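Structure first, commentary second.
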């Protein structure tokens, strides 16, 4: 073998560009010559390493690290050189990657322990805020660092089981009459910019005055921005700044929220569903919607439809079917006990075919923040991931070639289906009964997961509601001494419930009926409830901002 010293420096640097950080550190110790080459070209070498790992966007030149170069999925530290960047931040990024793929650990934390009937959650890590709506009504804003309540709207003002949307400082929730209230963070609120044609009504203004008087500090406060009304009853909506899409039975209304302006109406978005007997007088139920700058995504029971926002035309139809793609991954269904495994485990998988199941229904889609990539869940626990789905729209590829199908198998007699889906920063998260994968402690009971009402994900954290009472009641986990107890071992990390919830449980209308277990709750009043669990994929000191990027 010829010595490395005989290679041109330019060629050696090109080879080094393909070395991951761990190998780069070891390669420096191969010889003094290699160490000198890397030392003399540190700006280039470590910038290339940052690009290789995806910690920064692909850039040219050897400019020092700048925040605009950063991939929002990773933490960033202002430094004078790329070598210093890796010394201060690289290890955190590597550890974050290891934790997300199940080679590290997750640190749990619980919020809203005194207001545990959490229904929906939204998170703003940039401002350090947690927004929750509740089964009995009301909205609470919580400080992510201290866990203190910063601001609330009362139960007699916000309807029960209110849905929440939040992005870029705007909080949106629905009333029983289908109107949508829009509130804005006080720190971003400029009265002169408020839309004059959709001003908040009297109840909004009065509720704002009461909330302001109750909480004298302004941190986490919101003020009413506008009131969105529609001429038809609506039932599904989704906010991706600056656009709010609101669905009626067959019409999509798209609003620009900063100006409170209806910018687009797309009609006949859901075609009649044809039965096997040829009867087509019913319309398929719309279960979920999403929106990007270029497209509208409508999830019906039997078809996922994508519309062009430019002209309202139908761009893509994906009917539900037993199999979609040429590349399918079947995930293991091995049962594991939460006590015998760490918080996070590797995810074993193997490529396999799938036997044709009955025609499944779609559950929900999500589009990446950049608008290019699509992920959708079916009710039979399959995920469809389509990278750059516009290739399919343009006819450059078929769904079979462009998509990856992820089949999370369950026993044939298991009625549990996946419901909640989060897609951020290139990662997909969903809830299932038990899986040899990224395992959350004590979340293996299928009835508990059916009662999970919300799932949110950031660059370094996963937030979910969890009814720990049902976990303890429906599937006892042995304590270290072999006895069965109420709280179980480990930290108290929990989700939905409520103080005294056993006397009158309220359930999400989207969840399965759990009446058969109510009698089991009557004798379990001593079990502590808990509302929102945060699983931190990074170290305890890794508190990254929720900067937005292509998910």
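The values are calculated or read from the model by the stated rules, or taken from the named source; none is laboratory data. Predicted, not measured: the structure shown is a model, and the values here were computed from it. Every residue, glycine as well, gets a Cβ built from its backbone with ideal geometry; the counts of neighbours run over all protein chains shown.
Numbers below:
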| item | result |
| --- | --- |
| Options 12, 24, 7: the member that is closer than 22 Å to residue 85 by Cα and surrounded by 13 or more Cβ atoms within 10 Å (Cβ to Cβ) | 24 |
| Unmet criterion (only one of (1) more than 26 Å from residue 370 (Cβ to Cβ); (2) free of Cβ contacts under 8 Å to residues at least 24 places away in the same chain) for residue 77 | (1) |
| All positions within region 25-43 that are under 36 Å from the mean Cα position of the chain (by Cα) and at pLDDT 90 or above | none |
| When residues of region 390-420 are limited to those that are in a loop (DSSP other than H, G, I, E, B), touching a helix residue (DSSP H, G or I) at 6+ places or on another chain (Cβ under 7 Å) and at pLDDT 85 or above, the one farthest from residue 321 (Cα to Cα) | 397 |
| Residue within region 290-298 that is part of a loop (DSSP other than H, G, I, E, B), over 22 Å from residue 236 (Cβ atoms) and at pLDDT 85 or above present | no |
| Residue satisfying condition, being at pLDDT 95 or above, more than 19 Å from residue 288 (Cβ to Cβ) and more than 24 Å from the chain's Cα centre (by Cα), within set 259, 231 | 259 |
| Evaluation of residue 55 against (1) more than 20 Å from residue 25 (Cβ to Cβ); (2) in contact with a helix residue (DSSP H, G or I) (Cβ under 7 Å, 6 or more places away or on another chain) (one fails), failing number | (1) |
| Count of residues meeting criterion [surrounded by fewer than 19 Cβ atoms within 10 Å (Cβ to Cβ) and within 15 Å of residue 295 (Cβ to Cβ)] in region 388-399 | 4 |
| All strands (runs of 3 or more DSSP E) inside region 303-351 with 3 or more residues being closer than 30 Å to residue 253 by Cα and at pLDDT 70 or above | 303-308, 314-319 |
| Considering residues of region 273-289 that are in a loop (DSSP other than H, G, I, E, B) and in contact with a strand residue (DSSP E or B) (Cβ under 8 Å, 6 or more places away or on another chain) only, the residue modelled with the highest pLDDT | 285 |
| Residue in region 371-387 that is free of Cβ contacts under 8 Å to residues at least 40 places away in the same chain, crowded, with 24+ Cβ neighbours inside 10 Å and in contact with a helix residue (DSSP H, G or I) (Cβ under 7 Å, 6 or more places away or on another chain) present | yes |
